[in-house]
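Derivation of every value follows stated rules applied to the coordinates shown; laboratory data play no part. Predicted model only: the values in this text are computed from it and were never measured. Methodologically, a virtual Cβ is constructed for each residue, glycine included, from the backbone with ideal geometry; neighbour enumeration extends over all protein chains shown.
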Amino acid sequence: MKKLSRPGMSLIELIMFMAFFSVCAGVLINVLMSTNEQRVRQQMIAGVEQEGMQIMQMLTRRVRRAERIAYPLRGETGSVLSVQVAQQSQDPTIIALETGAIRVAEKNVLRNLSSEGLTITNLVFQNTSATSSNHSVRIIFTASKSTGLPTGGTYQREFRSLVTLFPDDDLAGNPCACSTPTCVSDIFDWGYCEDESCVDNAIGLPCE
C-alpha cells in the first residue's frame, strides 16, 4: 500500500509565521500597556479630585466653627490661617503648608491634614471679612499627584472655596488674651492658654 506524503512547513513559511506572530504579540502588548497606563492615569485624576475635595471640606468645617479669624488680618492675604475657637484644647487652630503637606496645629498639637502621596502647593488664605464681626476667608490651594509610570506624568488641580464663619456673639476662645499670631522671620508665632497663662508655642510653622 502506497503511503501518502504530506508536505512539511518550509523554512521560509516558518520565518513568515514567526514574524507575523511577533508583530501580533507586539501590537497586543502595546494595547495592554496603553490600557493599563490609561487606567492608572484615570485613577490618579480621580484620586486628586477626591482628596482635594475632602481636604477642602475638612478645612471648611474647621474654619466655619471658629469664632473669628485672627490671621491674616481683614483685607490681607497670607500663607497661614489662624482662627480662634471656643474649645480650649483646639485654640488657636493654625493651618499652614510645610514640605508639600497641609499641617494643622490645634493649640500645641500638630498633625497632617493631607495624605502622603498628595502634594499641596500654593496654599493661600484671603481674609474677606466684611466687618470685624462678620468673618469670611477664601481658601486656595493646588493638589497634584504623579502617576509613578515610566512614561511619567502629573495631574494637578486648583481648589477654591469661600468660607463664612457662623456668627457668634459670645466669644469663649483665647481666655488668656494671648497676643495676635504673627509671621516673624518666615516662622509663624502664636501663643495658647495653659493654666490661665499664655504660653508661646514650640512648634514653628513656615510662613510668608
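Taking neighbour counts of Cβ atoms within 10 Å as a proxy for exposure, in what order, fewest first, do E196, E51, E158, E67 appear?
E196, E158, E51, E67
Just to be sure I understand the model, the point goes 7 Å from the Cα along the line to the Cβ. What's the resulting E158 to D189 distance in nm?
3.3
Would you calculate the separation in nanometres between label points at T60 and T182, each defined as 7 Å from the Cα along the Cα-to-beta-carbon direction?
Computed distance between label sites T60 and T182 equals 3.4 nm.
Could you line up T128, T121, T93 from fewest to most neighbouring Cβ atoms inside 10 Å?
Final ranking by Cβ density, sparse to dense: T121, T128, T93.
Counting only C-alpha contacts under 8 Å and six or more residues apart, can you give the relative contact order of region 16-206 as a whole percent?
19
Amide H of S114 versus every other amide H placed in the peptide plane: which residues, excluding those fewer than 5 positions away on the same chain, fall under 5 Å?
Correct list: I102.
If amide hydrogens are placed 1.01 Å from N in the peptide plane, which non-local residues have theirs closer than 5 Å to the one on S161?
Correct list: I139.
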